[in-house]
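*Asks:* Let me begin by handing over the structure; questions about it come next.
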Amino acid sequence: MTWLRALKETARTGLTIERTRLEPLVALRGACGVAIVIGLILWLESPPLAVASAFGAFASGIATFQRSWRPRPVLALAAAGGLAVSTFLGYVAAAHPLAFVILLGAWSLLAGMAWAVGPVSGLVATQMVAVMLVTVTLPTSVLGAVHHAALIAFGGLVQAALIVLVPIRPWGAQRDALADAFAAEADFARRLREDPVAPFDPQPLMDARHAASMTPRQARRRPRQLRGYRALAERIRPVLASLADPVVGAPATGPERERVRDLLQAAGTVLDAVAHAIRWGKPVRLPVEAMAVLEVPASGPMLHGAARRSALRLMALLAEVVESADEPLETVAPAHPTPPPAASAAESPAEGTAAARPADREADRPGEPTGGQPVAQVAPARHTLLRPTVPRLVPLALRAIHRELRWGSPVLRHAMRLAAVACAGYLLGSLLPLGHGYWAPMASVMVMRPDFEQTYARGVARFTGTLVGVALGGAVMALARPGEWVSAGLAVVCVGLMYLLMRTGFTVASACISAYVVFLLGIAGEGWSQTVQDRVGLTLLGGLLAMAAYALFPAWETPKLRDRLADWLQANGRYAVAVFGGHAHPLERRPRHVRDALLDARAARLAWEQSEARAQAEPVRHRGISRRSAGAAQTALSTMGRVTMLLEAHPPDRSAPASPAAEEFAAALRGALPDAADAVRARQPLDWTAVHAALDAWRTREGTEALPVRCAELLVDALDELAGALSRGPGGKNRARRRV
């Protein structure tokens, strides 16, 4: 992609306004926190102090709106504490320009390295730098610096107190994440009706897992409706895929396929009802038509073999999902409701369903709910995913930062860019004959991100939003000439709009923030005409500095694509080895080992997708892998993971005999993975000869009708497709010799 095209794409991305679900009550609460702080300080202290303290409440409020699963009061207090420290240090060094520039560079470097901990930590740290640049413009003594820092911390304390005293939809983020996971599976079930090999985005399941990670205090206080559901959601997805797949499930056409389509439609209805119940904390309401489909029919089309096992297992899992709700079950039914699907599934225990083997399931899935029992009783606290508390998070954060202290790290390069731009912007802003020179470095630090696309998109959005915000704010100030209290009220209105519309796009948020700053400076008696001129010019300067810094000292994702692809191949391979190993030794199979391998494969896939999406927007030529090859390789690895998931949905009985051929196949795949990953990184042809030989031996011993053998054939086909995708030359021809 050329630079001109990349700039056009990033500008379009930055100016995009998204439609999203608004949370007016939460936005109103955050605006009330800012209003309380401004009103009290304006009444008890002075307008300049009210302006300084308002930034603390404002920034603490922004921290609570970020996508984090930690308690919101903790986020507000942590942000306020960091803002208070940065403000105090800035005040102490502000009297000495050289010392302040050194402090600004060091603080910006640390703020950039905070992205190694996570995006929320990086954003909060960036706000610390921005608030330091704003508040230190008020001269004061060391004792006054302590006073200013206390006022900044007071703003965060008010926001935290409001969250505790006025709870609005508590556990809403966790409920939404879990409900989104079930809604995604409902959509997946309906898409499988038309496309039996439809892809599934695992991101909702990953978000639900992150949301299930809680501190010990959260784990003790969480609603019962949030217990146990995620594990069931994870188990439903492979069953849906195996039921719909024409290779391991029902035939592609005929009465059995119609029965599968009906089951998938009913499963989507049930999963949607469960998602709605979780999201709003209500009872599960199921239509009778869906319940009737989820019964073993006395006559009509019947399923056989693997498809029948998948159908019965799906019925049992859906029954567990419904019964796991803390609230009583409600059905939209006539006077004689249909019995729950668990009874129907239990009518045919010979099929080896989950409902027929609760003891095996309990041994396979420790800590997950078992048939018919309340989730809270079978999911003890020791199986909860515990998130470290804030004190215990400190050593983890330090280790994460230490891992990024290498020259090739994008986080380190971002931190170095941030420190250089902040210092350069501060010096240029001080030398220019404009007031408020700190706006240039503040615009830079708020725009800069570790990747190219976000930095440039936010730069365009920041300037556009600033232009709109200062124009509207300046017009109001010029026409109405409001006093201190009216300006404070207008600032609070802008804050409320920013909180409300923050997720619609950075342009809208920047416009609200710019108008907020105009009205805040109006409290302190700043002239609106100078504010508009300075704000626009210095924001443009800061945005240009940020963009130039990334162009001169980039951290491109494109050269890392092969590394990400190799990591995904290895993770997928470990997942496949774990599943096939379970078929090799049924008595020794370890579901937890399979589960961990699946999570690693999902994380590797997410890393690849994020890296590939960033590379698409970068103005660099491909280095080692073209877009066409990358797309084909992604398809092959997605197929590899899907085939493994299908086999995972049909675990062997523990009493089944061992399969030496399956063990040889798993060993051959395990042995070929390291060399294959190295070949991907080094742009060398992939060699799957040992895997093909093991598959041929497996066919000879057990034939081609067994389900594990068919899955192994599909997996090897995916590996061959990967080899072909990565061996295409510039002309698009396949230089590799594929063994079919």
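*Asks:* Between L264, C711, I102, whose Cα lies farthest towards the positive end of the dipole of the chain when Lys and Arg beta carbons carry +1 and Asp and Glu beta carbons carry -1, centred on the Cα centre?
*Replies:* Value computed over the given set: I102.
*Asks:* If you roll a 1.4 Å probe over the heavy atoms of the protein chains, what accessible area per residue do you get for the chain, in Å²?
*Replies:* Ligands and nucleic acids excluded, the figure is 42 Å² per residue.
*Asks:* Given only helices, namely DSSP H runs of n ≥ 4 each adding -39500 (n - 2.57), what is the per-residue ellipticity at 222 nm of the chain, to the nearest 500 deg cm²/dmol?
*Replies:* Calculated at 222 nm, the ellipticity per residue is -23500 deg cm²/dmol.
*Asks:* Of the listed values (1) 24.7, 73; (2) 32.2, 110; (3) 29.2, 89, grab the one calculated as Rg and Dmax of the Cα atoms in Å from the structure here.
*Replies:* Computed from these coordinates, Rg and Dmax of the Cα atoms in Å corresponds to label (3).
*Asks:* Separate question: Along the charge dipole of the chain, Cβ charges K/R +1 and D/E -1, which of V288, Y426, A63 sits furthest on the positive end?
*Replies:* Ranked along the dipole, the leading option is Y426.
*Asks:* Express in whole angstrom the spacing between the alpha-carbon centres of the range 267-318 and the range 541-581.
*Replies:* Result: 40 Å between the Cα centres.
*Asks:* Could you give the length gained by full extension between A106 and D687, i.e. 0.36 nm per residue of separation minus their alpha carbon distance, to one decimal place?
*Replies:* Result for the pair: 204.2 nm of gain on full extension.
*Asks:* Also, I was wondering about something else. Against the longest principal axis of the chain, how steep is helix 24-44, in degrees 0 to 90 to the nearest 10, with axes from Cα atoms?
*Replies:* Once rounded, one gets 20 degrees.
*Asks:* Could you work out what % of the accessible surface of the chain is carbon and sulfur, using a 1.4 angstrom probe and leaving DNA, RNA and ligands out of the count?
*Replies:* It is 61 percent, rounded to a whole number.
*Asks:* How many nm is it between the label spots at A524 and W3, if each spot is 7 Å from the Cα in line with the beta carbon?
*Replies:* Inter-label distance under the simple model: 3.7 nm.
*Asks:* If you don't mind, there's one more thing I want to ask. To the nearest 20 debye, what is the magnitude of the charge dipole of the range 551-629 about its Cα centre, counting +1 on the Cβ of each Lys and Arg and -1 on the Cβ of each Asp and Glu?
*Replies:* So the magnitude is around 120 debye.
*Asks:* Something else about it: How many angstrom separate the Cα center of the range 1-65 from the Cα center of the range 677-713?
*Replies:* 55 Å
*Asks:* Further question on the same structure: Helix 452-480 against the longest principal axis of the chain: what's the angle in degrees, Cα atoms only, rounded to the nearest 10?
*Replies:* 40 degrees
*Asks:* Hey, how many Å between the Cα centroid of the range 388-413 and the Cα centroid of the range 166-198?
*Replies:* 32 Å
*Asks:* For the chain, give the magnitude of the charge dipole about the Cα centre (Cβ charges: +1 Lys/Arg, -1 Asp/Glu; no others), in debye to the nearest 20.
*Replies:* Here the size comes out at about 1180 debye.
*Asks:* Taking the Cα centre of the range 141-267 as the origin, how large is its charge dipole in debye, to the nearest 20, when only Lys and Arg (+1) and Asp and Glu (-1) carry charge on their Cβ atoms?
*Replies:* Using Cβ point charges on Lys, Arg, Asp and Glu, the range 141-267 gives about 740 debye.
*Asks:* I've got another one for you. For the chain, find the longest principal axis of its Cα atoms and tell me its angle to the long axis of helix 3-14, 0 to 90°, nearest 10.
*Replies:* Once rounded, the angle reads 90 degrees.
The values are calculated or read from the model by the stated rules, or taken from the named source; none is laboratory data. Keep in mind that what you see is a predicted model, and the values were worked out from it rather than measured. Here the Cβ is made from the backbone with ideal geometry for all residues, glycine too, and neighbour counts use every protein chain on show. Heavy atoms of the whole protein, side chains included, go into the accessibility calculation; ligands, DNA and RNA do not. Shrake-Rupley method; radii C 1.70, N 1.55, O 1.52, S 1.80 Å.
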